[in-house]
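Contents: one structure, followed by commentary.
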Amino acid sequence: MRLPLRLGTRGSPLALTQARMVAAALRAAHGWRDGDIVIVPIRTSGDRIQDRALAEVGGKALWTKELDRALIEGEIDFAVHSMKDVETIRPPQIAIAAMLPRADVRDRLIGAESLAALPHHAVIGTSSPRRSAQLRRERPDVTITLFRGNVDTRLSRLNLGEADATLLAAAGLDRLGRPEIGAAIPIAEMLPAPAQGAVGIETLAANTAVRDRIAAIDDVATSRCVLAERALLAALGADCRSPVAALATIDGAAMRLRAEILSEDGGECVTGEARFPPDRPEAAAALAQDLLGRASPALRALFTGPASGDPAPADPA
């Protein structure tokens, strides 16, 4: 393996911050110098297309396909992603080599102190089916308007009065050095998106030298929890239109996985929980089947069962 290694990333401020986190962790683990990792920003389709929901223009692949191409064609050696932006079914040539320790998984509400404090008939800006459904479940009076773009873009639109409030991931705000923005919503009120708060690193499956170096910075607990959440998504067959939330945590010798699937208007919500050994993320499939089995035909129609394609819901930042 030859240095420097080229680390591919999206070019948003948050993506670049996360790339620098990965580079710093690798330098610390291996005693590498600053120049031994070169960050290569790559603009994705998801960054270019801001005026439509992801479901209308290609789903989660809009965040990954350009980085996947660069990796497969040898333009970069590895790539960093927010794991909730990564499709559950990945190209066979690409492997998830590590995840950094997970950050705050909660959502933050910007524009009000709590969901209950939102004005009557408030307009909420979001592009996430999960957030939209959960908001409508808690506050059926609200109206949802499409908000896409990076953190600053959405905050700017909020400040311009295009909405009364918006939601952002606490992890992203914290990583950008903006922990004071927004009010954290309790997990009991809004279960997060699968893989929210986790940063993952991918490389070519056949590149064992790079995979071994990256594996040195893997946080095992984070990887196990996120893989269980992704296994749930795969078993549900959720796509970018499917409102689904999930959170896995290590509880002693067991993994606890909480999940919910919702109708688009939030009127139906099926919740469930499972416990299984932490090294058996595939056990999440049983919970997926339980949720689907208790859902109405209309809710089940938002899911396809065992997945192919883009089962991760659109839930940016």
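Values as computed for the structure displayed
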| quantity | calculated |
| --- | --- |
| Test: residue in the stretch 237-244 that is at pLDDT 95 or above and of a type in the set (Gly, Ala, Ser) | no |
| The stretch 174-213, subset in a helix (DSSP H, G or I) and in contact with an Asp or Glu (Cβ under 9 Å, 6 or more places away or on another chain), residue nearest to Val244 (Cα to Cα) | Asp174 |
| Residue in the stretch 133-148 that is under 24 Å from Leu227 (Cβ atoms), at pLDDT 95 or above and basic (Lys, Arg) present | no |
| Candidate set: the stretch 1-22, residues that are of a type in the set (A, V, I, L, M, F, W, C) and within 17 Å of Arg211 (Cβ to Cβ); chosen: the one modelled with the lowest pLDDT | Met1 |
| Residue list for the stretch 48-73, restricted to those being out of contact with any strand residue (DSSP E or B) (no Cβ under 9 Å at 6 or more places or on another chain) and at pLDDT 80 or above | Lys65, Arg69, Glu73 |
| Exclusive hit being touching a residue at least 40 places away in the same chain (Cβ under 8 Å), in contact with a Cys (Cβ under 8 Å, 6 or more places away or on another chain) and hydroxyl-bearing (Ser, Thr, Tyr), set Ser223, Ser242, Ser263 | Ser263 |
| Inter-residue pairs, beta-carbon under 8 Å, first modelled with pLDDT of 95 or more and in the stretch 23-41, second loosely packed, with under 14 Cβ neighbours inside 10 Å and part of a helix (DSSP H, G or I), 6+ apart | Arg27/Asp34 |
| Neighbours by Cβ (under 9 Å, 6+ apart or cross-chain): first from the stretch 103-131, assigned to a loop (DSSP other than H, G, I, E, B); second among the aromatic types (Phe, Trp, Tyr) | Thr126/Phe147; Ser127/Phe147 |
| Selection count, the stretch 132-155, where residues are aliphatic (A, V, I, L, M) and assigned to a loop (DSSP other than H, G, I, E, B) | 2 |
| Val220 vs. criteria farther than 22 Å from Ile110 by Cα and surrounded by fewer than 20 Cβ atoms within 10 Å (Cβ to Cβ) | yes |
| Condition broken by Arg90, with the remaining ones in (1) among the charged types (D, E, K, R); (2) touching a helix residue (DSSP H, G or I) at 6+ places or on another chain (Cβ under 9 Å); (3) over 17 Å from Ser223 (Cβ atoms) satisfied | (3) |
| Members of the stretch 245-257 that are in contact (Cβ under 8 Å) with a residue 24 or more places away in the chain and either buried (at least 23 other Cβ atoms within 10 Å of the Cβ) or within 19 Å of Asp290 (Cα to Cα) (or both) | Ala245, Ala246, Leu247, Ala248, Met255, Leu257 |
| Qualifying positions in the stretch 108-143 - of a type in the set (A, V, I, L, M, F, W, C), surrounded by 17 or more Cβ atoms within 10 Å (Cβ to Cβ) and more than 17 Å from Cys240 (Cα to Cα) | Leu109, Ile110, Leu115, Leu118, Ala122, Val123, Ile124, Leu135, Val142 |
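The values are calculated or read from the model by the stated rules, or taken from the named source; none is laboratory data. Bear in mind the structure is a predicted one, so any value in this text is a computation, not a measurement. We place every Cβ from the backbone using ideal geometry, glycine too, and count neighbours over all the protein chains shown.
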